[in-house]
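Student: One structure coming up, written as structure tokens, with questions to follow.
Read-outs: derived from the displayed coordinates by stated rules, not from any lab. Please read all numbers here as calculations on a predicted model, not as lab measurements. Every residue, glycine among them, receives a Cβ derived from its backbone with ideal geometry; neighbour counts consider all protein chains shown.
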Amino acid sequence: MADKKQEELTYSQKVWQAVGIVAFVAIVILVARVAFNVMLLSLAGCLIAVYFHGLGDLIQRHTYWRRIWCMAVSIGGSFILLGVLLWFMGSKIQVQIAVLSDSLPHTISNAKAQLAQTPLGRKVLDALSGDNNGNELATVSQFFSTSFGVLGNMYIILFLGIFFTASPLLYKDGMILLVPASKKAVAKTIINRSSQALKGWLKGTMLSMVLIAILLPPGLAIMHVPVALVLGLLTAILVIVPNFGSAVAMIPGVLLALTISLETALIVALIYIVVQTLVSNIIAPIIQKKMINLPPALTIVSQLLMAVLGGVMGIIMAIPVLAIAMIMADELYVKRINGIESESSD
């Protein structure tokens, strides 16, 4: 009788243990999901710090000022430049955004009307219409949302970047302090290689943005496409999303050109392709000097995975995360199995 009671007690304990394990795993998954978004924000803050330090290094090389003054000019000058640009171009951009918001729905209706005139166009419209529209819109809305909101994320990223810029060694030494003594050299190498990779990606991305913002609006203006400045800035911003950003940025420009004529739309599409091709051919070598070679298929898979996990912030951070992950895999696994010594860095 006592043995049977003991067996029942043991069975009850096993059930509660199983329930506890499942609950613990569920809590860990939920916490990891929230922590993942926080990690993305922290990585974005690191990118801001990398930008400030890179600009500070450039100022120091040309002026030989003290480091603290170069960093002050880097941070303060960036904010002043941004404020000046918004002061001179803000009103014009605001007007063009309003025009784009008003004209885009009508443009989409005209595009649908033109597609409906051809058999192939009707098939495309049938594929895009139907009961799935609501689900697709909900998916897009969820896809372009973040955990704390866009403005909140920008606020957090900016201040994290300033704090990381003010005392980078504090956070770097803190991470290395958590690593066992036998692995500290490898940890330093991973951090330094990751920093160089992020610097190269950021430099290439920013140069691409500037070149597209300079080259694209005049070409669109020549073709009399409305809101050319906003379209150029939108394309420049979406450069930060490799593979997909340029294609998405082309859609509103081509739709607006389609209101003029089909020939204008084709020429505008060609302008987008030529500008983006020229920029990618100029910038690609700069990126490849500092970053490890990322396979295109792996890059797309990383973007899709990060989109599911982190939304739009995940897509933006997909390339830096993939670069860091490949560096870690190289230092912690590939070099070990191939007997290659990791170069220690201070």
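Student: Among PHE52, PHE159, what is the fewest-to-most ranking by other Cβ atoms within 10 Å? Don't skip to the end; give the middle numbers.
Tutor: Working: PHE52 21, PHE159 12.
Fewest to most other Cβ atoms nearby, the residues stand as PHE159, PHE52.
Student: Let me ask another. For the peptides 160-167, 317-324, 260-267, 176-183, what is the packing order when you average, over each peptide's residues, the other Cβ atoms within 10 Å and list the highest mean first?
Tutor: Working: 160-167: 16.6, 317-324: 22.2, 260-267: 14.4, 176-183: 10.1.
Highest to lowest by the protection proxy: 317-324, 160-167, 260-267, 176-183.
Student: Over the alpha-carbon set of the range 165-230, divide Rg by the Kirkwood Rh and report the Rg/Rh ratio to two decimals. List each step's numbers first, then the result.
Tutor: Details: Rg = 20.9 Å, Rh = 15.3 Å.
Using Cα coordinates only, the ratio equals 1.37.
Student: Based on other C-beta atoms within 10 Å, arrange TYR51, TYR333, TYR272 from fewest to most.
Tutor: Working: TYR51 20, TYR333 10, TYR272 24.
Least crowded to most crowded, the residues run TYR333, TYR51, TYR272.
Student: Further, regarding this structure: If each residue's Cβ is checked for other Cβ atoms within 10 Å, how do ILE80, ILE48 rank with the fewest at the top? Mind dumping the intermediate values first?
Tutor: Values: ILE80 11, ILE48 21.
The most exposed by this proxy come first: ILE80, ILE48.
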